[in-house]
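Reading through the structure tokens given below for one structure.
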Amino acid sequence: MKIAMVSEHASPLAALGGVDAGGQNVHVAALSAALARRGHDVTVYTRRDDPDLPRTVPLCPGVDVVHLDAGPARHIPKDDLLPYMSELADEIAKDWATQPPDVVHSHFWMSGVATLDAVMRPDGPQVPALHTFHALGTVKRRHQGADDTSPPARAWLEPWVGRTADRIVATCSDEVFELKSMGVPTGNISMVPCGVDLSLFPTTGPAEPRLRRHRLVAVGRLVPRKGLDLPIRALRLLWDAGLDDVELHIVGGGTEAEKLASDPEAQRLRALAQELGVEDQVVLRGQVPRDHMPDLMRSADAVVCTPWYEPFGIVPLEAMACGVPVVAAAVGGLIDTVVDRVTGLQVPPQDPEALADALAELLRDPALGSKLGAAGQKRVHARYSWDRIAAETERAYQTTLSRRSGQLQRIEGSAL
Ligand code: UDP
């Protein structure tokens with residue numbers, strides 16, 4: 001198949017860990033590469049955010065990234081991109097005028113808006129469209145209220161994308177529930193999780209040396225909803241419980257030291273650590289290159305993932321691939337990926353006491369950690385390789401294509 005991916009803000013070429021660069025970038029890059037390994041020809045369309053970017057950049061054999069002009073060629077926060085989506089649709093339609101793809105898969109609601117705009121034009125390319133939301137505005141608003149910076153139009157455009165695309169590829173069962181409440185017909189939903197790059201996160205390998213007896217690692221973009229304050233609060237409770245030789249490494253944020261120093265979330269986390277008297281135990285690592293992530297994860301007794309909500313969450317899969325137990329808030333995709341007391345421990349969201357209790361249990365019982373870590377490794381190899389995820393995604397594409405050709409045959413039949 002000739003497959004088009006549209007990912008307006010999340011380029012597979014971007015550095016990870018910044019405010020708008022995380023799991024979606026990883027997902028689009030890895031899924032495209034895995035589909036190409038299955039023999040498909042993949043083009044990823046993204047917005048040009050730098051004037052020096054060439055139009056086409058090869059990502060790997062079988063995958064090209066195409067930069068389309070839509071709005072100023074500089075970084076624009078994703079929540080300010082909606083006004084440029086019709087320009088993006090124009091560019092997509094222009095590119096497909098002569099050689100349309102067999103199928104298009106858009107990522108994030110705004111890419112869905114641009115893609116459906118392009119494919120629904122009467123004179124445009126009538127390409128079957130699948131969509132993955134990665135995050136849902138309804139869930140975001142529920143948790144962030146007035147702090148949600150999404151444009152107000154998201155409230156109606158997102159459900160419109162959900163009901164208009166040929167098929168929605170949801171990444172977890174919690175999302176399927178949300179989609180149904182949004183009015184997306186159950187028959188139009190396929191559930192395919194994200195995967196993990198098992199060559200980048202192999203079963204064995206070196207581990208960074210620790211500075212203290214125990215180490216916890218938390219990875220996330222430095223935004224409040226990632227709940228990175230919770231492991232800091234738990235650190236204090238662990239200290240009170242006699243576990244005082246524990247370091248917490250928080251990964252994510254800017255690359256340069258000054259950027260991290262001026263980051264409001266980094267400042268908030270630092271101030272909290274100081275207030276709780278655990279500042280010597282907290283290391284803000286900033287952005288860590290992806291290829292160093294396995295060494296860092298392997299150095300931990302546990303990887304802590306305690307977001308307020310999480311559309312999927314690739315970090316727990318990466319930790320599991322490294323054989324490290326995950327202590328996760330029971331939200332979103334983490335409910336599916338982290339099996340409580342089998343591959344990790346689940347705790348209620350936003351509950352530092354429960355988190356501290358789970359961490360204390362793990363730190364006091366290394367055999368439990370090894371057992372959970374080994375089970376996690378087994379689970380990701382059985383269920384979450386990108387090759388398997390690509391095969392399941394391909395099935396969703398085929399279902400969509402055969403439904404479309406069935407519809408065409410019915411229309412032709414009734415016209416005769
Ligand atoms: N990541 C990274 N370096 C960093 C921070 C994050 O390589 O400094 C990667 C991390 O390993 C994971 C992705 O970014 O692959 C984050 O994905 P996830 O789905 O967990 O969170 P999101 O950022 O999408 O909310």
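The values are calculated or read from the model by the stated rules, or taken from the named source; none is laboratory data. Everything numeric in this text was worked out from a predicted model, so none of it was measured. Neighbour counts are summed over all protein chains in view; Cβ atoms, including those assigned to glycine, are modelled from backbone coordinates with ideal geometry. When the accessible area is computed, the model is the full protein with side chains, heavy atoms only, and any ligands, DNA or RNA have been set aside. Shrake-Rupley method; radii C 1.70, N 1.55, O 1.52, S 1.80 Å.
At most 15 other Cβ atoms within 10 Å and a DSSP loop assignment: could you name the trypsin sites (Lys or Arg not before Pro) in region 193-252 that fit?
Answer by residue number: 210, 212, 213.
Which of 328, 93, 319 moves the most in a Gaussian network model of the chain with Cα springs under 10 Å?
Its mean-square fluctuation being the largest, the pick is 93.
Rounded to a whole number, what % of the accessible area of region 214-384 do carbon and sulfur atoms account for, probe 1.4 Å?
About 52 percent, which is the carbon plus sulfur part of the accessible surface.
Of all GluC sites (Glu not before Pro) in region 207-303, which ones are in loop regions per DSSP and have a Cβ with at most 12 other Cβ atoms within 10 Å?
Here the GluC sites (Glu not before Pro) that fit, given the DSSP loop and packing criteria, are 256.
How many times 2.2 N^0.38 Å is the alpha carbon radius of gyration of region 214-384?
0.95
Compute the helix-to-body angle for 264-275: its Cα long axis versus the longest principal axis of the chain, expressed 0 to 90° and rounded to tens.
So the helix axis and the longest Cα principal axis differ by about 20 degrees.
Over the chain, what is the percentage of antiparallel beta bridges among all DSSP beta bridges, to the nearest 5?
10 percent
Measuring from label point to label point, each 7 Å out along Cα→Cβ, what is the residue 102 to residue 1 span in nm?
Taking the simple label geometry, residue 102 and residue 1 are separated by 0.7 nm.
Per residue, what accessible area does region 214-384 have, given a 1.4 Å probe and all protein chains present, in Å²?
Here the residues of region 214-384 average 36 Å² of exposed surface.
Pop out the ³J(HN,Hα) list for region 175-186 in order, Karplus 6.51 cos²θ - 1.76 cosθ + 1.60 with θ = phi - 60°, rounded to Hz; leave Gly and Pro as x.
5, 4, 4, 5, 5, 4, 5, 7, x, 7, x, 3
Suppose the chain between residue 142 and residue 245 were pulled fully straight at 0.36 nm per residue; how much longer would it get relative to their current alpha carbon spacing?
33.4 nm
Looking at region 1-129, what % of its DSSP beta bridges pair antiparallel, to the nearest 5?
Taking every DSSP beta bridge with both residues in region 1-129, the antiparallel ones total about 20 percent.
If the only charges are +1 at each Lys and Arg Cβ and -1 at each Asp and Glu Cβ, what is the size of the charge dipole of the chain around the Cα centre, to the nearest 20 debye?
980 debye
How large is the convex hull of the C-alpha atoms of region 51-129 per residue, in Å³?
Per-residue hull volume (Cα only) is 106 Å³.
Suppose every Lys and Arg Cβ carries +1 and every Asp and Glu Cβ carries -1, with no other charges. What dipole size does region 214-384 come out with about its Cα centre, to the nearest 20 debye?
Result for region 214-384 is approximately 620 debye, rounded to the nearest 20.
Can you pull the one-decimal nm distance between simple spin-label points at residue 391 and residue 292, each 7 Å off the Cα toward Cβ?
3.6 nm
Which of 11, 389, 333 sits closest to the plus end of the dipole of the chain, meaning its Cα is farthest towards the positive end, when Lys and Arg get +1 and Asp and Glu get -1 on the C-beta?
389
Using helices alone, what [θ] at 222 nm do you get for the chain, with -39,500 (n - 2.57) per DSSP H run of 4 or more residues, divided over all residues and rounded to the nearest 500?
Value at 222 nm, helices only: -13000 deg cm²/dmol.
Based on the alpha-carbon gyration tensor of region 339-383, what equivalent-ellipsoid semi-axes (square roots of 5 times the eigenvalues) come out, in whole Å, largest first?
21, 14, 5
Where only protein heavy atoms count, and the probe is 1.4 Å, what is the accessible area per residue for region 51-179 in Å²?
For region 51-179, the solvent-accessible area averages 42 Å² per residue.
When each pair of different Cα atoms in region 313-416 is counted once in the 1/r mean, what is the Kirkwood radius in angstroms, to one decimal?
Taking every pair of different Cα atoms in region 313-416, averaging 1/r and inverting gives 16.1 Å.
Residue-wise, which Karplus ³J(HN,Hα) couplings in Hz belong to region 108-119, taking 6.51 cos²θ - 1.76 cosθ + 1.60, θ = phi - 60°, and x for glycine or proline?
3J(HN,Hα) across region 108-119, in whole Hz: 6, 4, 5, 5, x, 4, 5, 5, 5, 4, 5, 7.
Starting from the coordinates of the alpha-carbon atoms of the chain, obtain the Kirkwood hydrodynamic radius over all distinct pairs and give the value in Å to one decimal.
22.1 Å
How big is the dipole moment of region 1-102 about its Cα centre under a simple scheme where the beta carbon of each Lys and Arg is +1, that of each Asp and Glu is -1, and everything else is neutral? Debye, nearest 20, please.
With only Lys, Arg, Asp and Glu charged at Cβ, the dipole is about 380 debye.
Go ahead and run the numbers for FRET between residue 410 and residue 52, Cβ-Cβ distance against an R0 of 45 Å, rounding to 0.05.
For residue 410 and residue 52, the calculated efficiency is 0.35.
Working out 0.36 nm times the residue gap between residue 177 and residue 213, then minus their Cα-Cα distance, what length gain in nm do you get to one decimal?
Roughly 8.8 nm would be gained on extension.
DSSP loop (so not H, G, I, E, B), at most 15 other Cβ within 10 Å: list which trypsin sites (Lys or Arg not before Pro) in region 322-398 pass both filters.
Of the trypsin sites (Lys or Arg not before Pro), the ones in loops of region 322-398 whose Cβ has at most 15 other Cβ atoms within 10 Å are 341.
In degrees from 0 to 90, rounded to the nearest 10, what is the angle of the helix 154-164 Cα long axis to the longest principal axis of the chain?
60 degrees
Using θ = phi - 60° and the Karplus form 6.51 cos²θ - 1.76 cosθ + 1.60, what ³J(HN,Hα) does each residue of region 40-49 get, whole Hz, x for Gly and Pro?
So the J values, rounded to whole Hz, are 8, 10, 10, 10, 9, 9, 9, 7, 5, 10.
Expressed as a whole percentage, what fraction of the accessible surface of region 15-135 belongs to carbon and sulfur atoms when a 1.4 Å probe is rolled over the protein heavy atoms?
That fraction is 53 percent.
What does the highest-first list of 346-358, 179-191, 284-296 look like by mean Cβ count within 10 Å?
Taking the mean over residues of other Cβ atoms within 10 Å, the ranking is 346-358, 284-296, 179-191.
Quick query: amide H of residue 131 versus all other amide H atoms, modeled in the peptide plane; which residues come in under 5 Å with a sequence gap of 5 or more or a different chain?
Amide H to amide H, under 5 Å and 5 or more residues apart or across chains, residue 131 pairs with 106, 167, 168, 169.
Per the Kirkwood treatment, what hydrodynamic radius in Å, one decimal, follows for region 197-314 from the mean inverse distance over all distinct Cα pairs?
About 14.7 Å for region 197-314.
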